[in-house]
1. Could you check segment 195-236 and list, in sequence order, the residues that are under 16 Å from Ala87 (Cβ atoms) and either open to solvent by 60 Å² or more (accessible area, probe 1.4 Å) or not aliphatic (A, V, I, L, M) (or both)?
2. Residues in segment 63-82: is at least one over 22 Å from Val210 (Cα atoms) and of a type in the set (D, E, K, R)?
3. Does Pro154 satisfy the condition of being without any contact (Cβ under 8 Å) to a residue 60 or more places away in the chain, assigned to a loop (DSSP other than H, G, I, E, B), within 16 Å of Ala85 (Cβ to Cβ) and open to solvent by less than 90 Å² (accessible area, probe 1.4 Å)?
4. Restricting attention to segment 180-194, and to residues there that are open to solvent by 30 Å² or more (accessible area, probe 1.4 Å) and in contact (Cβ under 8 Å) with a residue 40 or more places away in the chain, which single residue is farthest from Arg34 (Cα to Cα)?
5. Take segment 104-128 and flag every residue that is surrounded by 20 or more Cβ atoms within 10 Å (Cβ to Cβ), more than 17 Å from the chain's Cα centre (by Cα) and modelled with pLDDT of 95 or more.
6. List every residue pair whose Cβ atoms sit under 8 Å apart, with the two residues 6 or more apart in sequence or on different chains, where the first one lies in segment 218-245 and is small (Gly, Ala, Ser) and the second, anywhere, is in a helix (DSSP H, G or I).
7. What pairs come up if the first residue lies in segment 11-35 and is farther than 16 Å from Ala150 by Cα, the second is of a type in the set (S, T, N, Q) and open to solvent by 10 Å² or more (accessible area, probe 1.4 Å), and their beta carbons are under 6 Å apart, counting only those six or more places apart or on different chains?
8. Considering segment 11-38 alone, what residues qualify as being among the hydrophobic types (A, V, I, L, M, F, W, C), within 14 Å of Pro74 (Cβ to Cβ) and open to solvent by less than 10 Å² (accessible area, probe 1.4 Å)?
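The values are calculated or read from the model by the stated rules, or taken from the named source; none is laboratory data. Given the structure is predicted, the values throughout are model-derived calculations rather than measurements. Note that each Cβ is placed from the backbone with ideal geometry, even for glycine, and that neighbours are counted across all protein chains shown. The protein model used for the area step is the full one, side chains on, heavy atoms only, and it has no ligands, DNA or RNA in it. Shrake-Rupley method; radii C 1.70, N 1.55, O 1.52, S 1.80 Å.
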Amino acid sequence: MSEPLDFHTPEGLLRRGTVLVVPGRGETPQTYTRLGTRLAFDAYRVRVIEPPGETLTARDAAAALAGTASGDGPAAPVVLLGADAGAAALAALYADGDAPAADALILAGLPAPVAGGAEAGSWDDELGVRTACPTHRGRLTEDTGVRRGALAEPVPPALLTAAYAARPTVPTLLLSGELDPLADHSALAALAKSLDRARHVLVRGAHHDVLNDLQHRSVAAEVVGFLETLREHLVPRVAVQSSTW
């Protein structure tokens, strides 16, 4: 793997945790600049690695996390966040009994368990599957490292089978876009219900790149809320007592 992309906490603030981001098909670490910057602003140490090849091992994840450590190790809680095939690769680790040392898991845009890739077409067609956000569309287009046509390449069936068979014991957040043609929302809901501590969040109007679509601020807020709740042993700091809307 090439050099990761790092986002550091503001000077003078204590680290509130560590997030390792694993991108999906065709993406680069720079695809997650907006997310990494936002999480780092909230005092989380973020590292984005290159998309994995055929496999991702717990050793790969551990090596990437080691580079974020200061003192005794990476700041806790340690959270693994994967998008698209990166989400499948992370989830599959928990099916293989090779689970990395992490405190939580975030799976964004996990592809359907039996689906192939997106229908092959033009770059505009692929962007239409990914996002409606003009800023994200522009960044994907301008990034010469982004591999066009990658979404038409199916995720290996064995990897998806392992991902959906996995039963992580750590708290797990699943994020999916309402308009994502590569998602199976019923399968995601069933996966969430099969886990001891999981939440499935459907983002209204969002496409496949749920972390970077028009709703990216709300999604980032959901991620930060999850991170903060982890620090409180899954007890939310904020509880709505009354509301008229």
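1. Passing the criteria: Arg199, His200, Leu202, His207, His208, Asp209, Asn212, Asp213, Glu222, Phe226.
2. Within segment 63-82 (the criterion being over 22 Å from Val210 (Cα atoms) and of a type in the set (D, E, K, R)), the answer is yes, since at least one residue qualifies.
3. Yes: the conditions hold for Pro154.
4. Only one residue tops the list, namely Asp184.
5. Glu126, Leu127
6. Final answer for the pair search is Ala220/Leu35; Ala220/Arg38; Ala220/Leu39.
7. Arg15/Thr9
8. Within segment 11-38, Val19, Leu20, Val21 meet the criteria.
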